[in-house]
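The values are calculated or read from the model by the stated rules, or taken from the named source; none is laboratory data. Note that the structure is predicted; figures quoted are calculated from it, not measured. As a convention, Cβ positions derive from the backbone with ideal geometry for all residues, glycine included, and neighbour counts pool all protein chains shown. Note: areas computed on protein heavy atoms with side chains; ligands, DNA, RNA excluded. Shrake-Rupley method; radii C 1.70, N 1.55, O 1.52, S 1.80 Å.
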Amino acid sequence: MGWMIGRAAVMSDPEKARRKALEKLQGLVQLDDPEGLVVPILIDAILMVEAYRGARHQITELPELTGSVDALLRELEIVEKAAAWAAE
């Protein structure tokens, strides 16, 4: 893939790498089923974080990925609790 960011770019300038990925992802709105493509990736990210949480040899960007996944899970928990309260 021509737009791949690469490990060296991520290690040297993570913010620039994030911006590059975000620019590419803006094209998702033009796809037929963007959710169908993105949701499995989010599930993989969650599973990756959980698999490496507490591992002896941490991967370099795991703390940032863990923080992002944990923030997503917190937001989802809030949505679930709000829906449960609304249903009562």
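Mean residue ellipticity at 222 nm, helices only, the chain: -23500 deg cm²/dmol; runs of at least 4 DSSP H residues each add -39,500 (n - 2.57), and the sum is divided by the number of residues. Modelled spin-label separation between Leu76 and Ala51, with each label point placed 7 Å from Cα along the Cα-to-Cβ direction: 1.7 nm. Taking all protein chains as present, what is the carbon and sulfur share of the accessible area of the chain, in % to the nearest whole number, probe 1.4 Å? Solvent-exposed carbon and sulfur of the chain make up 62 percent of the total. Accessible surface for the chain, divided over its residues, is 82 Å² per residue with a 1.4 Å probe. For Asp13, nonlocal amide neighbours, meaning residues 5 or more places apart or on other chains whose placed amide H falls under 5 Å from its own, do not occur.
Mind checking which aspartates and glutamates have their C-alpha under 18 Å from Lys81, skipping anything on the same chain fewer than 8 residues away? By straight Cα distance, Lys81 reaches Asp70.
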